Amino acid sequence: MASTWFDLVFDIPADQAFTYRIDAKGESAVGKRAMVPFGKGSRDTLGFIIAERDAPPAGLSESAIKPIRRVVDAEPLFDAQDIALARWLAAYYLCGIGQAITAMIPSGRRMTEYPSFGNNDDEEFAAAALELSAEQQAALTMIVGTGDWGLGTRDSCSQSQRVDNPLRLQTNIPSPQSPVPSPSLFYLYGITGSGKTEVFLRAAEWMLQEGKSVIYLVPEIALTHQTAEVIGKRFGSAAAMLHSGMTPSERLAEWLRIRRGEARIVVGPRSAVFAPVRNLGLIVIDEEHDGSYKSGNTPRYHARQTAIRRCSVEGAKLVMGSATPSAEAWKLMAEGTIKRLDLSLRLAGGSLPDIKPVSLERAEGCLTDELKEEIRLTAQMKRQTILFLNRRGFAHLYHCPSCSYEQTCRRCSVSLTWHKSKRKALCHYCGYSEPPPSACPRCGSLEAGYRGFGTEMIEEEVRRTFPDLRIRRADADAAGKKGQLEETIAMFKAGLVDILLGTQMVAKGLNFPGVRLVGVILADTGLHLPDFRAAERTFSLIVQVAGRAGRYFPDGKVIVQTLRMGDPVITRSCTIDVAGFFDAELVQRKALNFPPYTRLIRFNARSKDPARADAAMRRLASLAVPLIPPDADMLGPAECPIGIINGNHRRQLILRGKSMGTLHAAARILLERYEQSRDSRVYLEVDVDPVSLL
Ligand code: ADP
Ligand code: ZN
Ligand code: ZN
C-alpha cells in the first residue's frame, strides 16, 4: 500500500520532529492536528503535522514508522508562515517548536459557531462620526503615510503573502536568526483620554480599505470587551474576536474564520498576536505597558516582541499606544527606533485632573479627611467616585507584637490575607486557608492581630462613613461569580452606583463620564517589592488610575494617599511627569545594569525538595560560568524573593548581557548541557526578557 510520511511535533520542550505515516491516499494533512502513538507506552498523543516528506528519514526503516491514528481537523489550522513564526518563537523563547505551536493555536476540537459580529451584512464600514483633532490627524497621516521617516524599508512586502495552500511546505524556512527588515514602529504617546482609540480605528479602517488585515491587541479582561464592542460596531462581520473568556471550540471557530479570510480585523488579548490573518497590514497594541502582554507560562512570550517580529517578516506596521509607556518603549522612542506621535489634549470636554498627594500617616482609618471631604462633595454634585487599592481581602498581615509571630501560608513563603466575609485567612498564591487565630498561636498574646488593609476593609469603612451612598466592590473575590463584574460595571456606568471600589480591575481603561473623583487608598503598595520594575509599575498604575477622572468635565479630582510623602515616584505620578520619571528611572537602571540597558534570561528552578532545587541550581551555575559571554554576567543562583509557592522551593539564576544574540547562544548550550543529566524532580523554567523577578 502506498504511504505518505509526515513530520509531527508535540507539546514538549524539544525541537525534534517525529515521522509518522498515513496508509491511504488523500488530502495532505499538513497544518492539521493528529492523534498518534507517542512516548512511553505509545499513548495516544496530540501532535501537529508540520511537513509532508517524500521518503522516510534516512536510517529509519519503513516498518519502524508508526501510523497516524486519526487526523483531528477537517481543514488546516496553520501554514508555513505560522510554522516559521513558531520556529522563531521556539528559538527566541528557548522552548520546543511544538510548545510554541500549542501556545499559538486554539486547543478546541469541535467547531462551535461564535455569535460574535457575524450578523452585520452591510459590508460598508460604518463611517466614523468624529472629526479628528489636528494632533490625531497628524498622527494618522504619519502611520498610514509612506512610513518613510528614515527607518523601515518597504521592500519586505513581497514576503507578506501567506501560503494559501500548505499542501507542500517549503523546507527552506528562513531560520529564526535570519535578518529581517526593520518594521515601521509607531507609538501614540498621549495622556489618558486623548483619543488614541480613534486613531487606532482610523488606521485600521485605512488598512482594511487597502485590502490588508489588522490585529488589534488589548489588555486582558475589562478592555477586551469594551474595545471588541466598538470594533464590532464599526467593522461588522469583518471583525473577529479571540479571547480567553471564550470556550476553546468558540476560539477555534473564530480562528478558522480568520484563516479563511472571512474576518480581517481581529481584536483580542496577548494570544491574538498569532491570529492567522492574511496579508497583515497593521498590528495595534493598546496600553503597551500592560503586564498581561507577557505570558506567564512556557513559552513566556511577549506580545510586543512577537508583534515586532511578525511586522518585520510580513511587512506590516506596528502602532503601540499608552499614556505610560514601558521603559523599553520610552528608550526606543528617545533613540528614534520607534516614532513617537504625541497626543496632548483631552478631546471629550475634559482636562487632566487635579492630583493631590495626601499623607495617610496620621489618618484614623484608611480614609484621610481630604478624601472623605471629596467623596462627600462629589456625591453632592451627583457625580461618581472610584476608589482604588491594589490589595484584596480585609487585612493582610497577622502579627504578634510580643513574640513577632507572623501567620504565613503552610505551603508558600507569604503571609495569609484575612478575608472577613469568608471567615478565613487565605493564601493568594495557592489557595490554602485556615481559621483566624483568636490569640497568638505561639505565645498566646491577645495583642496579636491583623494589620494592613485590603479592599474588603475599605468597603466596610466606606459603608460606615457614608451609609447613604451606594457602593460596589470589583475585585477578584467580588468578580468570582460569572457576570458579576460586568454587572457592577454596567451599574456604575448607568449611574446606579456612587462609589466603585476595586483593585486593578477598576484601574484599566474604564471610561465613564460621571466620574469626578478618583481616590487611591494606598499608592505605595508595590513600591517596596524587590523587583527592578517596582517603581515603573507603581508610577504607571497611579497615572492610569488617576486618568479615570475628568475625562468629560474639566473638574476631575484625584486624591493619592501615601505613607511615603515626598517619594519622587509618588510626586512625579501626581504631576503626571512621565519624562521626569523616566529621566530618573533610566539613570538608575543604567547604573544598576538592568533593562532596558541590558537583556535578561532567567532560569527558575522549583522542587518540593529544597536540597534538590539548590543542587540543580549549583550545577546550572557551574555549567553557566564558562559560557558567559564577555559582555554579560550572572546573577545568583539565589532563592527567589517569594521562596516557596505551593510547596515548591524556588531558586533563580539570571544571565544578563548587552546583546540578546550572545545570551541566546550561551543559554542554548547551557540548557543542552543541563539536560544531559538533569534531576527529574526539579522543574526548570526559562524566561527570556522576564518582566518580574519575584
Ligand atoms: P485614550 O484611548 O487616549 O485614553 P479615548 O480614545 O478613550 O482616549 O478617547 C477619549 C474620549 O474622547 C472618547 O470618549 C472619544 O469618543 C473622544 N474623542 C476621541 N477623538 C475625538 C475627537 N476627534 N473629537 C471629539 N471627541 C473625541
Ligand atoms: Zn506571640
Ligand atoms: Zn500558599
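Annotations
- Taken together, the residues in segment 488-506 that are open to solvent by less than 20 Å² (accessible area, probe 1.4 Å) and either basic (Lys, Arg) or touching a strand residue (DSSP E or B) at 6+ places or on another chain (Cβ under 6 Å) (or both) amount to 8.
- Close pairs from segment 330-352: first without any contact (Cβ under 8 Å) to a residue 40 or more places away in the chain, partner not in a helix (DSSP H, G or I), Cβ under 9 Å, at least 6 apart: ALA334/ARG340
- The residue of segment 558-599 that is nearest to the chain's Cα centre (by Cα), among those that are farther than 22 Å from LEU517 by Cα, open to solvent by 20 Å² or more (accessible area, probe 1.4 Å) and basic (Lys, Arg), is ARG599.
- Filtered by the rule that a residue be assigned to a strand (DSSP E or B), over 18 Å from SER63 (Cβ atoms) and open to solvent by 40 Å² or more (accessible area, probe 1.4 Å), segment 3-19 gives no residues.
- Test: LEU208 is at pLDDT 95 or above, buried (at least 17 other Cβ atoms within 10 Å of the Cβ) and over 23 Å from ALA323 (Cβ atoms): yes
- When residues of segment 392-407 are limited to those that are within 16 Å of ligand 3 (Cβ to nearest atom) and touching a residue at least 12 places away in the same chain (Cβ under 8 Å), the one surrounded by the most Cβ atoms within 10 Å (Cβ to Cβ): GLY393
- GLY514 being of a type in the set (Gly, Ala, Ser), within 25 Å of the chain's Cα centre (by Cα) and away from ligand 2 (no atom under 16 Å from the Cβ): no
- Of LEU485, LEU469, all but one fail to be among the hydrophobic types (A, V, I, L, M, F, W, C), away from ligand 2 (no atom under 16 Å from the Cβ), modelled with pLDDT under 85 and open to solvent by less than 40 Å² (accessible area, probe 1.4 Å); the exception is LEU485.
- Filter result for the condition that a residue is out of contact with any strand residue (DSSP E or B) (no Cβ under 6 Å at 6 or more places or on another chain), touching a residue at least 12 places away in the same chain (Cβ under 8 Å) and more than 26 Å from LYS508 (Cα to Cα), over GLY245, GLY211: GLY211
- Scanning segment 424-446 for residues that are touching a Cys at 6+ places or on another chain (Cβ under 6 Å) and more than 16 Å from ligand 3 (Cβ to nearest atom) returns CYS440, ARG442, CYS443, SER445.
- PHE512 meets each of the listed conditions (1) in contact with a helix residue (DSSP H, G or I) (Cβ under 6 Å, 6 or more places away or on another chain); (2) within 30 Å of TYR405 (Cα to Cα); (3) surrounded by fewer than 21 Cβ atoms within 10 Å (Cβ to Cβ) apart from (2).
- Qualifying residue in segment 345-363 (condition: touching a Phe, Trp or Tyr at 6+ places or on another chain (Cβ under 9 Å) and modelled with pLDDT of 95 or more): no
- Of all residues in segment 417-460 being open to solvent by less than 40 Å² (accessible area, probe 1.4 Å) and aliphatic (A, V, I, L, M), the one that is farthest from ligand 2 (Cβ to nearest atom): ILE458
The values are calculated or read from the model by the stated rules, or taken from the named source; none is laboratory data. The structure displayed is predicted, hence computed values, not measured ones. Virtual Cβ from ideal backbone geometry, glycine too; neighbours counted across all protein chains shown. Accessible surface is based on the protein model in full, side chains and every heavy atom, while ligands, DNA and RNA are left aside. Shrake-Rupley method; radii C 1.70, N 1.55, O 1.52, S 1.80 Å.
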